[in-house]
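The values are calculated or read from the model by the stated rules, or taken from the named source; none is laboratory data. What you see is a predicted model; the values in this text were computed from it and never measured. Here the Cβ is made from the backbone with ideal geometry for all residues, glycine too, and neighbour counts use every protein chain on show.
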Amino acid sequence: MIKAGIIGATGYAGGELVRLLLAHKNVEIKWYGSKSYVDQKYADLYRNMFELVQESCMEDNIEALAGQVDVIFTATPQGYLSSLLTETILRQVKIIDLSADYRIKDPSVYEAWYHIHHESPQFLEEAVYGLCEINRARIKTARLIANPGCYTTCSILTAYPLVKEGIIDPDSLIIDAKSGVSGAGRGAKVANLFCEVNENSKAYGVAVHRHTPEIEEQLGYAAGKEIKISFTPHLVPMNRGILVTAYASMRSAYTQEEIKEVYDSYYAKETFVRVLDQGVCPETRWVEGSNYTDIGFQVDERTGRIVMMGALDNLVKGAAGQAVQNMNLLFGERESEGLALVPVFP
């Protein structure tokens, strides 16, 4: 059995980790870390866990707890893990971090976008970006996994094959993305109140959203050069889901069939990426509660551009599900173990 600990177990991503790990046949959750709810029963905070989880939350002392488990999930705010991580901890336990602390290799870029001083840049080089479909081999031997963000996972998977194959000009890439409210976390914020969100849709973080450099860095590796994109996120009144619509100029004229062949060459054998049939657009409702990413596209012959579309559940493939997928790779489990979730509808 894999012994797991969760720090930040009472946030939305942490709660989703608990749900997924409880269904994993080879995992035992040893402790539930939460700075805000020490000694409170976990099932009192998440009533869906009534009679499923008996334990209470523990103080999130990563040094004291590292020796008790094989893997620690840190579903924590940016800056938490980078301020505490040491070589001593990494020698004892594998860590899958759901924050952005180790996603961006250049600490000055991280500090410029997140406005936080990076306190352990010595681990940035070895940290592996945990997008399984792209970095599977490196993930298997890692000590520290930087679990990608929800917007970034959807954006990268949607555009990656066409960037990698040189079919589109990556500097022409424009990404329009929409997220459900759970993407903002469980903390109390006026902007997330029902009356603020219901019957409303809005852009935010325009030209300054902090997931931008993460997308640029990963797609830049695919392109073989530094790139710059335009990324605009939107908040929409639903609980879960990411929908990405991306636009780019094609370098030559391609047909729908030729583009489909490219996507299939990358994703046909991927359990959690579904390339849709021609004319079918991804919808968040068809991936909700699952670890799937649905991808579609449309060649626009009139403009010489292509429209790429992707949808995923921001709490599963965009956070906790991807973290479990990474854990499975780290410990030699079947990659889909604990993640064979049929999307929930309605």
(request) Filter the stretch 120-173 down to the residues that are of a type in the set (Gly, Ala, Ser) and within 15 Å of residue 230 (Cα to Cα), then identify the one that is surrounded by the most Cβ atoms within 10 Å (Cβ to Cβ). (result) 155
(message) Among the residues that make up the stretch 102-115, is at least one of them closer than 18 Å to residue 13 by Cα and surrounded by 14 or more Cβ atoms within 10 Å (Cβ to Cβ)?
(response) yes
(message) Show me the strands (runs of 3 or more DSSP E) found entirely inside the stretch 198-286 where at least 2 residues are hydroxyl-bearing (Ser, Thr, Tyr).
(response) 230-235, 242-249
(message) Anything in the stretch 262-316 that is without any contact (Cβ under 8 Å) to a residue 24 or more places away in the chain and closer than 21 Å to residue 346 by Cα? List them, or say none.
(response) 274, 276, 280, 294
(request) Identify the residue in the stretch 307-346 that is of a type in the set (S, T, N, Q) and assigned to a loop (DSSP other than H, G, I, E, B) and, among all such residues, is surrounded by the fewest Cβ atoms within 10 Å (Cβ to Cβ). (result) 336
(request) Determine the pairs where a residue that is closer than 18 Å to residue 328 by Cα, located within the stretch 92-117, has a partner that is modelled with pLDDT of 95 or more and among the charged types (D, E, K, R) with Cβ atoms under 6 Å apart, the partner being 6 or more residues away or on another chain. (result) 94/143
(message) Yes or no: the stretch 75-88 includes at least one residue that is of a type in the set (Asp, Glu), within 22 Å of residue 34 (Cβ to Cβ) and either buried (at least 18 other Cβ atoms within 10 Å of the Cβ) or modelled with pLDDT of 95 or more (or both).
(response) no
(message) Go through the stretch 174-208 and report how many residues are surrounded by 19 or more Cβ atoms within 10 Å (Cβ to Cβ) and either touching a strand residue (DSSP E or B) at 6+ places or on another chain (Cβ under 9 Å) or modelled with pLDDT of 95 or more (or both).
(response) 7
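To keep it simple, each residue is scored yes or no on (1) assigned by TED's automatic domain parsing to the domain that holds residue 269; (2) small (Gly, Ala, Ser); (3) assigned to a helix (DSSP H, G or I).
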{"position": "145", "(1), (2), (3)": "no, no, no"}
{"position": "159", "(1), (2), (3)": "yes, yes, yes"}
{"position": "178", "(1), (2), (3)": "yes, no, no"}
{"position": "182", "(1), (2), (3)": "yes, yes, yes"}
{"position": "188", "(1), (2), (3)": "yes, yes, no"}
{"position": "191", "(1), (2), (3)": "yes, yes, yes"}
(message) What's the number of the only condition in (1) part of a helix (DSSP H, G or I); (2) over 19 Å from the mean Cα position of the chain (by Cα); (3) touching a residue at least 24 places away in the same chain (Cβ under 8 Å) that residue 195 fails to meet?
(response) (3)
(message) So in the stretch 226-244, with the set limited to residues that are in contact (Cβ under 8 Å) with a residue 24 or more places away in the chain and surrounded by fewer than 19 Cβ atoms within 10 Å (Cβ to Cβ), which one is farthest from residue 181 (Cα to Cα)?
(response) 228
(message) Quick check on my filter: what residues within the stretch 265-302 are within 22 Å of the chain's Cα centre (by Cα) and of a type in the set (Asp, Glu)?
(response) 270, 283, 288, 294
(request) Give the stretch 11-49 a look and list any residue that's under 16 Å from residue 62 (Cα atoms) and of a type in the set (Val, Ile, Thr), or say none. (result) 29, 38
